[in-house]
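See structure below.
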Amino acid sequence: MNQHRTSLASLTLCAIAWLSSAEAATTAPVDPALAAAVADPARTPAFVARDVARHPAAELSFFGIKPTDTVVELWPGGGYWTEILGAYLAPQGTYYVALPPAGNAEEDSGVAKWRARVAGQKDRLGTIHETTLGRDHYEIAPAGSADLVLTFRNLHNWMDDGYAAEALAACFKALKPGGILGIEEHRGRNDRPQDPKAKDGYVRQDYTIALAKKAGFRLVGSSEIDANPRDTKDWVDGVWTLPPTLSQGDKDKARYLAVGEADNFVLRFRKPKH
């Protein structure tokens, strides 16, 4: 009985310590330069409107970003994070963006729009080194060069295309020993098996952790900053039913706007130093 109580007490203390650490990381002070990049009036107004759901300054601070870092962003979409990362890293850092390979009409259109947006803010965003991430394209940055690799709501796409493991291996290769991988993704329900193709856009948190560990990473932090308990994850068109996509158009639009953007987990992984 005494051994049980001792073990229970030890576990409780460990849990408290872990939660305190996670909370401290989530509420870490924001670099004034990062806050300035987020507050920059040159950012796209539609992106700024999403800050209430995406918490960019707090999330990047949770990942531990520094202005001198070499950062790799994977699949930047429309450029929400690019407008912040580019401005923040331009003075002292190095910024790689890994784009989808050419050949898919939808992705090609997205890349063209991203490039046009970046070109319009070239002076503010500085030099952005383009690389490619997709099937048979895994050189996202020089091996062992990156301090931080970031992916926001992309893992489900790589699962659907069948190369999630290879994508995470590419992250591991690009990072320096001790470097950080930050993953934000739509959180799947724990009471349902994970679809290996993630057709509804949701990925279980434990499934993601297992994938990253298999690639060699160690989980070192998690944050609930982008959690949304209103997301029941049973929508007619998966995650795309909700904003910002609103795939159903005006049908039940008010309902989906009231739910808001999907429930997302935020995980921080480290590449071991040895």
*Can you tell me the FRET efficiency between D250 and K273 if r is taken as the Cβ-Cβ distance and R0 is 45 Å, rounded to the nearest 0.05?*
0.25
_Counting only other residues whose beta carbon sits under 11 Å from that of G86, what net charge do I get with K and R as +1, D and E as -1?_
0
*Report the Stokes-Einstein translational diffusion coefficient (µm² s⁻¹, integer) for region 222-274, Rh taken as the Kirkwood radius over Cα pairs, at 10 °C with viscosity 1.306 mPa s.*
127 µm²/s
*Return the ratio Rg/(2.2 N^0.38 Å) for region 56-155, where Rg is computed over Cα atoms only.*
1.02
*For region 177-242 versus region 141-170, the gap between their alpha-carbon centres in whole angstrom*: 14 Å
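Within the chain, what is the longest stretch that has no GluC sites (Glu not before Pro) placed in a DSSP loop and near at most 16 other beta-carbon atoms within 10 Å?
On the way: sites that count: E139, E224.
Result, exposed sites excluded: 1-138.
Fully extended, how many nm does the chain gain between V236 and K213 (0.36 nm per residue separation, minus their Cα-Cα distance)? Each step should come with its number before you reach the end.
Details: separation 23, 0.36 × 23 = 8.28 nm, distance 3.21 nm.
Full-extension gain reported as 5.1 nm.
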*asked:* Can you find, among Y80, P45, F265, the residue sitting farthest towards the positive end of the charge dipole of the chain, where Lys and Arg contribute +1 and Asp and Glu -1 at Cβ?
replied: F265
*Exposure proxy order (Cβ contacts within 10 Å, fewest to most) of T132, T68*: T68, T132
_With +1 assigned to the C-beta of every Lys and Arg and -1 to the C-beta of every Asp and Glu, and no other charges, what is the dipole magnitude of the chain about the Cα centre in debye, to the nearest 20?_
620 debye
*Please quote Rg/Rh for the chain to two decimal places, taking the Kirkwood radius as Rh and restricting both calculations to Cα atoms.*
0.97
*Nonlocal amide H pairs with V97, under 5 Å, H built at 1.01 Å*: E73, H129, E130, T131
*Determine which residues of region 93-123 fall in the zone a paramagnetic label at A46 would reach in this model, i.e. backbone nitrogen under 15 Å from the point 7 Å along Cα→Cβ.*
109-118
*Within region 125-274, how many Lys pairs sit with Cα atoms under 13 Å apart, leaving out pairs fewer than 8 places apart on the same chain?*
7
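Across region 106-263, how large is the tail of the calculated P(r) beyond 26 Å, expressed as a percent of all Cα pairs? Please report the intermediate quantities before stating the final value.
Working: 4548 of 12403 pairs.
Of all Cα-Cα distances in region 106-263, 37 percent exceed 26 Å.
FYI, it's all coordinate maths here, none of it is from the lab. Note that the coordinates shown come from a computational prediction; the quantities given were computed from them, not determined experimentally. Every residue, glycine as well, gets a Cβ built from its backbone with ideal geometry; the counts of neighbours run over all protein chains shown.
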